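Written below as structure tokens is the structure these notes are about.
Derivation of every value follows stated rules applied to the coordinates shown; laboratory data play no part. For clarity, every value in this text was computed on a predicted model and none was experimentally measured.
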Amino acid sequence: MKTTRCSINLLVNRTKRKMRKYKVIVEGSNLSISLDGKAGKYGFFTTRFIEAPNMKDAETLALTMLRDELKSAVLNDISDPPVISVDEIQEINDFDRKLFPGSGFTWYELTPLNK
């Protein structure tokens with residue numbers, strides 16, 4: 001592959017884009033899952049720390065990561081999908097020694113499935 005001055009400038013400009021740090025708080029609801037052997041409808045809150053060029057990209061990345069993380073556990077029918085949305089997003093100066101983008105969920109029960 002031949003490298004031209006134009007392609008080198010394009011690569012340099014892409015890597016120079018300032019990546020910003022964000023704290024993203026996400027809420028999920030209407031998730032049919034089994035927690036501790038108990039099937040039901042649950043909701044959750046979680047926080048993710050994301051590095052992205054802007055707030056919109058940080059939101060998209062956080063939601064995509066969570067959907068991928070949850071897809072093997074969610075039992076929802078296609079006609080009754082889970083709802084996952086960003087509650088709050090804020091730009092932060094640094095990750096304050098947080099080496100992971102975030103992990104874990106705070107779950108709450110909405111309704112048991114087998115009553």
Mind scanning K21/K56; K18/K71; K21/K41 and naming the pairs with a C-alpha gap bigger than 22 Å? K18/K71; K21/K41
Gained length - R67 relative to D94, 0.36 nm times residue gap less alpha-carbon distance: 7.2 nm
